[in-house]
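To keep things clear, I will list the structure first and then write my remarks on it.
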Amino acid sequence: MWLLPVLFLLVVQGHFSTCVQRTVRGTAMGTLTVHCTYGRGWESYKKWWCRGYEWDSCKILVKSTGSEQLVKKGRASIQDNHSRRIFTVTLEDLWYDDADTYWCGIEKAGNDLGYKVYVDVDPASGGCCTPGPWSLPSTSRGG
């Protein structure tokens, strides 16, 4: 496994996080946004966001097409910006179960490239809420 040799900039609801742990925080019932930057040359490759502690068993939640087109699958979406070399992952209607280990990644021949991101979910302001009836769709990571 090769870790993505690029700088990842993680942004959650307007707050920048560049800490070594690569942990991002969201609020229950809110929207989590993660910006992953990559180096020159990877612009046309497919980007993905997967969930799971282990690299080889994580499940892809959403994958780009290699273009800048927005791709949405369930509550997750991904959009690439080639000129800025950033792909943005968004998870809507965040819930406590979404707290987990995720990966920003780039699909390539052989082993994919990726970087681990920890997601924590804080309580919504004004108290708790009831769990939503949704779940995140997933597919095999492949690669």
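The values are calculated or read from the model by the stated rules, or taken from the named source; none is laboratory data. For clarity, every value in this text was computed on a predicted model and none was experimentally measured. Cβ atoms come from the backbone with ideal geometry, glycine included; neighbour counts cover every protein chain shown.
Worth a mention:
- A search for C-beta distances below 8 Å between a residue of region 94-112 that is basic (Lys, Arg) and any residue that is at pLDDT 95 or above, counting only pairs 6+ apart in sequence or on different chains, returns LYS108/TYR45.
- If you go through region 45-75 and keep only what is among the hydrophobic types (A, V, I, L, M, F, W, C) and more than 17 Å from TYR115 (Cβ to Cβ), you end up with LEU70, VAL71.
- Counted residues, region 93-107 - those being surrounded by fewer than 19 Cβ atoms within 10 Å (Cβ to Cβ) and in a helix (DSSP H, G or I): 2
- Within region 48-88, tally of residues that are out of contact with any Lys or Arg (no Cβ under 7 Å at 6 or more places or on another chain), surrounded by fewer than 17 Cβ atoms within 10 Å (Cβ to Cβ) and in a strand (DSSP E or B): 3
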